[in-house]
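The values are calculated or read from the model by the stated rules, or taken from the named source; none is laboratory data. If you're wondering where the values come from, they're calculated on a predicted model, not measured in any experiment. Please note: Cβ atoms are built from the backbone with ideal geometry, for glycine as well, and neighbour counts cover all protein chains shown.
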């Protein structure tokens, strides 16, 4: 492929869990001529064909249109999970920052916009069968994460009508894990001082069995493969992404050799709410409520129209992630820095 026809891709949130995998796969793709990774803090990484630029999406002064000029596609991954006690702060980055990305992509006449939505955008749904991309995306309104993801679905509805020449792809992945994300996700959801080595089977003889705790997982690299395909294809609209089988207490118990013990939902929520209120736990009880209500997703469209297949099963994903927790695994970017606690 000539340099004139090679794809030029800009990736926001390029140093995070998904961003590092997307940048790596794009940099290895012969059809991609260059990658520009955007992040608040540029990393000490040098993938082939990749340049970095520092930008804060929460800033009204960010000149995104200039950074997007000449791009074949913008892959928008940037997202702030914290602080959960200050949803106005995450709203400025996640919602207002995303809208700036959308508007800048249109102003720069970028032909393809790939946006990281989420299973969290979906309204409460079934746990005994899977829903396709037509399921309502009103989120769980009490959880900031779901509220923000759902609001951006409405923003993209308006964007689609105003800019029909832009091919918009909305990725809706399940929970994403890889070894290198273990330290970051421990900090985000479990707290900075939660010991990673505690994720050992011999230390978990009992496992809380909470009604509704049945979700889907996916390896981050498998999600990144779908993003790469979306950049190069002509598919548009929403795509569900998840590994083959759901994760529930039975599967976790078998993996950890732990015995499930029934725990009422109210008791579990009360414990999480107390820890969150005391700022001992960063994950909010509102997100816990949402997780228990998320539907299972049918990924037929991603398989048939995108030609995507996840390479790892849910147990393989979780086993790799648990090893990463025990080892304090990470990567040389600020969000993914490794740290072993305990």
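Which residue is modelled with the lowest pLDDT, if the candidates are limited to region 195-217 and must be more than 13 Å from residue 327 (Cα to Cα) and assigned to a loop (DSSP other than H, G, I, E, B)? Step through it out loud before you land on a result.
So in region 195-217, the residues more than 13 Å from residue 327 (Cα to Cα) come out as 201-217.
With the extra rule that they be assigned to a loop (DSSP other than H, G, I, E, B), the set shrinks to 204-205, 210-213, 216.
Numbers: 204: 62, 205: 70, 210: 93, 211: 90, 212: 90, 213: 93, 216: 97.
Residue satisfying both the conditions and the ranking: 204.
Among what's in region 177-194 and is farther than 14 Å from residue 82 by Cβ and at pLDDT below 90, pick the residue that is surrounded by the fewest Cβ atoms within 10 Å (Cβ to Cβ).
Taking region 177-194 and keeping what is farther than 14 Å from residue 82 by Cβ, we get 177-183, 193-194.
Remaining after also requiring at pLDDT below 90: 193-194.
Details: 193: 10, 194: 17.
The extreme case among them is 193.
Considering region 227-276 alone, what residues qualify as being part of a strand (DSSP E or B) and either at pLDDT 95 or above or touching a helix residue (DSSP H, G or I) at 6+ places or on another chain (Cβ under 6 Å) (or both)? Can you show your working first?
Going through region 227-276, the residues part of a strand (DSSP E or B) turn out to be 237-241, 247-248, 259-262.
Once the filter is applied, which keeps residues that are part of a strand (DSSP E or B) and either at pLDDT 95 or above or touching a helix residue (DSSP H, G or I) at 6+ places or on another chain (Cβ under 6 Å) (or both), region 227-276 yields 237, 238, 239, 240, 241, 247, 260.
Can you tell which of 252, 239, 229 is within 17 Å of residue 313 (Cβ to Cβ) and buried (at least 16 other Cβ atoms within 10 Å of the Cβ)? Give the steps one after another, and end with the answer.
Working: 239 fails: within 17 Å of residue 313 (Cβ to Cβ); 229 fails: within 17 Å of residue 313 (Cβ to Cβ).
Among 252, 239, 229, only 252 is within 17 Å of residue 313 (Cβ to Cβ) and buried (at least 16 other Cβ atoms within 10 Å of the Cβ).
Show the residue pairs that are 6+ apart or on different chains and have beta-carbon atoms under 7 Å apart, the first residue being within region 46-65 and over 9 Å from residue 100 (Cβ atoms), the second being loosely packed, with under 12 Cβ neighbours inside 10 Å.
What qualifies is 54/41.
Which condition number in (1) outside any loop (DSSP other than H, G, I, E, B); (2) modelled with pLDDT under 95; (3) closer than 25 Å to residue 284 by Cβ is the one that residue 171 fails?
(2)
Quick check: is even one residue across region 86-99 in a loop (DSSP other than H, G, I, E, B) and either surrounded by fewer than 21 Cβ atoms within 10 Å (Cβ to Cβ) or on the phi < 0 side of the Ramachandran plot (or both)? Spell out the reasoning first.
Step one: list which residues in region 86-99 are in a loop (DSSP other than H, G, I, E, B), which gives 86.
This time we only want the ones that are either surrounded by fewer than 21 Cβ atoms within 10 Å (Cβ to Cβ) or on the phi < 0 side of the Ramachandran plot (or both), so: 86.
Yes.
Okay, residues lined up against (1) modelled with pLDDT of 95 or more; (2) under 27 Å from residue 244 (Cβ atoms); (3) surrounded by fewer than 19 Cβ atoms within 10 Å (Cβ to Cβ); (4) in contact with a strand residue (DSSP E or B) (Cβ under 8 Å, 6 or more places away or on another chain):
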position	(1), (2), (3), (4)
278	no, no, yes, no
282	no, no, no, no
296	yes, yes, no, yes
303	yes, yes, yes, no
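Given region 281-342, what helices (runs of 4 or more DSSP H) lie entirely inside it while holding 3 or more residues that are touching a helix residue (DSSP H, G or I) at 6+ places or on another chain (Cβ under 8 Å)? Outline the logic, then answer.
Values: elements: 285-291, 300-306, 314-327.
Qualifying helices (runs of 4 or more DSSP H): 285-291, 314-327.
Just to be sure I understand, how many residues within region 256-308 are farther than 21 Å from residue 140 by Cα and either under 18 Å from the mean Cα position of the chain (by Cα) or touching a residue at least 40 places away in the same chain (Cβ under 8 Å) (or both)?
Count: 18.
Could you name every one of the strands (runs of 3 or more DSSP E) located completely within region 1-77 that has at least 3 residues being touching a helix residue (DSSP H, G or I) at 6+ places or on another chain (Cβ under 7 Å) and under 21 Å from residue 220 (Cβ atoms)? So that I can check it myself, show each step before the final result.
Values: elements: 7-12, 32-39, 50-54, 73-76.
Ranges flagged: 7-12, 32-39, 73-76.
Which residue out of 104, 62, 121 is closer than 25 Å to residue 228 by Cβ and over 21 Å from the mean Cα position of the chain (by Cα)? If you could, list the steps in order and put the result at the bottom.
Working: 62 fails: closer than 25 Å to residue 228 by Cβ; 121 fails: over 21 Å from the mean Cα position of the chain (by Cα).
Sole residue among the options that is closer than 25 Å to residue 228 by Cβ and over 21 Å from the mean Cα position of the chain (by Cα): 104.
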